[in-house]
Amino acid sequence: MITVLFFAQLREQLKAEKFDLSIGLPCTVNDVLAGLIKQNPEWAQFIQSQTLLHAVNQTMVDDKHIVTQDDEIAFFPPVTGG
């Protein structure tokens, strides 16, 4: 089981702050996204964005990063500052 967190506009779009995903491990961040879509098909339009950022255990990673048991994954849209 891994914990998936959603931040910023993505959290509002999905109407979810957190999701506990049961998925075969180890897997990649891409596999996590696919698992989320499989369990929540209505989320696909929001989490298939190529600009979506992801972090595992609070470290930015790419979509091929390996996820293991008890990891925490966060997804969020790019943010800009002023």
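Listed values, structure above:
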{"quantity": "Output for segment 23-61, where each listed residue is in a helix (DSSP H, G or I), out of contact with any helix residue (DSSP H, G or I) (no Cβ under 9 Å at 6 or more places or on another chain) and of a type outside the set (S, T, N, Q)", "calculated": "29, 31, 32, 34, 35, 38, 41"}
{"quantity": "Some residue of segment 55-70 being in contact with a Ser or Thr (Cβ under 8 Å, 6 or more places away or on another chain) and of a type in the set (Val, Ile, Thr)", "calculated": "yes"}
{"quantity": "Condition check for residue 6: touching a residue at least 40 places away in the same chain (Cβ under 8 Å), crowded, with 18+ Cβ neighbours inside 10 Å and not polar (S, T, N, Q)", "calculated": "yes"}
{"quantity": "Top-ranked residue of segment 62-82 - restricted to ones that are part of a strand (DSSP E or B) and not β-branched (Val, Ile, Thr), ranked as farthest from the chain's Cα centre (by Cα)", "calculated": "72"}
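Okay, residues lined up against (1) among the charged types (D, E, K, R); (2) touching a residue at least 12 places away in the same chain (Cβ under 8 Å):
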{"position": "22", "(1), (2)": "no, yes"}
{"position": "28", "(1), (2)": "no, yes"}
{"position": "42", "(1), (2)": "yes, no"}
{"position": "58", "(1), (2)": "no, yes"}
{"position": "62", "(1), (2)": "yes, yes"}
{"position": "67", "(1), (2)": "no, yes"}
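Coordinate-derived values only; no laboratory data. Source: prediction; values computed, not measured. FYI the Cβ positions are ideal-geometry reconstructions off the backbone, even for glycines, and counts take in every protein chain you see.
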